[in-house]
Amino acid sequence: MTDATARLDPYLEIAPIDRRIFGGFVEHLGRHIYDGIFEPGHPTADENGFRRDVIDLVRELGVSTIRYPGGNFVSGYRWEDGIGPVDERPRRLDLAWHATETNRIGLHEFQQWLDAVGSDLMLAVNLGTRGTAEALDLLEYANTIVPTAWTERRAANGHPEPFAVKMWCLGNEMDGPWQLGHRNAEDYGKLASRTAKAMRQLDPSIELVACGSSGRTMPTFGSWEREVLQHTFDDVDFISCHAYYQERDGDAQEFLTSGEDMARFIASVVATADHVAAERGSDKRIMISFDEWNVWYLDRWEAQQKQYGADEWPIAPRQLEDSYSALDAVVFGDLMITLLQHADRVRSASLAQLVNVIAPIMTEPGGPTWRQTTFFPFSLTSRLAQGRAVRVPVTAGTVPSARFGDVAAVNAVATIDNDGATLFLVNRSVSDAATVRVDLSPLGAAGLVVVEAHLLHEDDLAAANTLEDTDRVGIRRADARVTDAELTVALPPVSWAAIRLGSA
Ligand code: AHR
């Protein structure tokens, strides 16, 4: 048993929370779109063919901004294939995922779906097989009001008013050798700078994201960010981070320190961006768009992925359909705590991905949809983390990590808004329960009570929600109470909690 003490002090403010950190990511990949969000024959399908049961869950998840249409897919994508009469749209080969893309869903249909789920669009342009001209065409089509050939075409396609897309990604993972059109940092940096300048000439109000590394273990990590920002510093607002975590060799304890990895990743990218600012004598601060993050059993998928013959290009095959355990969800909850702890520099983040593909929401064709374990920490954090993020210093024991040495066993962050405060906590220990006593007196805590207390914990760390048992894992009531301006929370080993405090 670990005894931990903590303090919730409004003066330890990190930053106001940008709601865009509760973003998601939808890629044309596997059954994400086709047989996922779009299934015209499904009993719950709306007039556009979108599953209402999925729409309801995405709304419940609370996703702010959704990055689209990729991912690796975007680096071979021709966005014009997805507009105009559906039966005239070309079929194309998607080289990134070795599939056939029917283009049944494109920009207009995706916007219809976003309207239904209540999220904003974040678009990525193809800087793999295409370049500045095509990015400008898409921006003009999406955002321009004045009559031009592109905007008249948009109106003819049923959308006279602009889509008004605010955030734009300049390509995807251009450092990765697997990426179509992969480039070195200098070539990408120059292309991204040219494209950003041209896009801003057309629409100065947009916000632009340059590609950072596709992971912090990439051999060029660090030098990639430095060089890309040396070319694009004046042109972009964000640099991207991507990180996926998985349990390796059955070592749950090591896996539970993934939040520490994410924190170090963010610190390195911030330091690199600020180094480039210092070189230029600039006070500008480049923000982080953590636009791909999740638990992903990438090794398992690479080992098991079906090899298709040269003439086999399936439509919407089952790809990357990870099933998430209670352990995965606790790590996931810690990753969300880590994002909030860096709310001063992480101003946008996208959970990769949303439906069927490494997703919190699963569907079966003609059948049910269900919440994976990771659904719960996301929906609770998105709903309860309001106002400003506040650092919560915790004094507790440590857990061992082969990579990081001793790591804090209990990690926490809080948010404070006009109606109260929420504390998010994780116990990373596989063996020890923790009792956390939080001093609320700096809040002027007279009258504060626990109004919601949520716990994610299963004795069976492998427990998961599946088609056969869709509700096996859920949220329990946490053991939390306030006495004399002190909050006490009991955290079993491997658990995540969200405690909402408000007036009685
Ligand atoms: O999210 C799955 C893939 O992971 C994305 O397409 C790519 O950007 C990343 O490597």
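The values are calculated or read from the model by the stated rules, or taken from the named source; none is laboratory data. Just so we're clear, the structure is a prediction, and the values are computed from it rather than from any experiment. Neighbour counts are summed over all protein chains in view; Cβ atoms, including those assigned to glycine, are modelled from backbone coordinates with ideal geometry. Accessible surface areas use protein heavy atoms only, side chains included; no ligands, DNA or RNA. Shrake-Rupley method; radii C 1.70, N 1.55, O 1.52, S 1.80 Å.
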Thr129: passes all of (1) in contact with a strand residue (DSSP E or B) (Cβ under 6 Å, 6 or more places away or on another chain); (2) assigned to a loop (DSSP other than H, G, I, E, B) but (1)
Based on what the data block shows, is Glu27 assigned to a helix (DSSP H, G or I), surrounded by 18 or more Cβ atoms within 10 Å (Cβ to Cβ), in the same structural domain as Ala192 (by TED's automatic domain parsing) and in contact (Cβ under 8 Å) with a residue 12 or more places away in the chain?
-> no
May I ask you to say which residue of Arg472, Arg481 is among the basic types (Lys, Arg), exposed (fewer than 15 other Cβ atoms within 10 Å of the Cβ) and at pLDDT 95 or above?
-> Arg481
Hey, among the residues in the range 84-103 that are among the aliphatic types (A, V, I, L, M) and surrounded by fewer than 21 Cβ atoms within 10 Å (Cβ to Cβ), which one's nearest to the chain's Cα centre (by Cα)?
-> Leu95
Among Arg428, Arg371, which is the only one that is within 24 Å of the chain's Cα centre (by Cα) and open to solvent by 40 Å² or more (accessible area, probe 1.4 Å)?
-> Arg371
Within the set of pairs 6+ apart or on separate chains, which have a first residue in the range 159-181 that is part of a loop (DSSP other than H, G, I, E, B), a second that is β-branched (Val, Ile, Thr) and within 16 Å of the ligand (Cβ to nearest atom), and C-beta atoms under 7 Å apart?
-> Gly171/Val125; Asn172/Val74; Asp175/Thr220; Leu180/Thr129; Gly181/Thr129
With the first residue restricted to the range 132-149 and required to be closer than 14 Å to Ala192 by Cβ, and the second required to be surrounded by fewer than 21 Cβ atoms within 10 Å (Cβ to Cβ) and not hydrophobic (A, V, I, L, M, F, W, C), Cβ contacts under 7 Å at 6 or more apart or on different chains are Thr132/Arg194
For the range 319-353, how many residues meet the condition of being open to solvent by 10 Å² or more (accessible area, probe 1.4 Å) and either of a type in the set (Asp, Glu) or at pLDDT below 95 (or both)?
-> 4
Among all residue pairs at least 6 apart or on different chains, which show Cβ distances below 7 Å where the first residue, located in the range 361-388, is under 15 Å from Gly24 (Cα atoms) and the second is assigned to a helix (DSSP H, G or I) and small (Gly, Ala, Ser)?
-> Thr374/Ala329; Phe376/Ala329; Pro377/Ala329; Pro377/Gly333
Show the residue pairs that are 6+ apart or on different chains and have beta-carbon atoms under 7 Å apart, the first residue being within the range 301-320 and within 16 Å of the ligand (Cβ to nearest atom), the second being polar (S, T, N, Q).
-> none
Which residues, taken from the range 167-179, are away from the ligand (no atom under 11 Å from the Cβ) and surrounded by 20 or more Cβ atoms within 10 Å (Cβ to Cβ)?
-> Met167, Trp168, Leu170
When Met199 is evaluated against the numbered criteria (1) within 16 Å of the ligand (Cβ to nearest atom); (2) over 14 Å from Thr129 (Cβ atoms); (3) hydrophobic (A, V, I, L, M, F, W, C), which criterion, by number, is the only one it fails?
-> (1)
With the first residue restricted to the range 483-499 and required to be part of a strand (DSSP E or B), and the second required to be of a type in the set (D, E, K, R) and open to solvent by less than 10 Å² (accessible area, probe 1.4 Å), Cβ contacts under 8 Å at 6 or more apart or on different chains are Trp496/Asp334
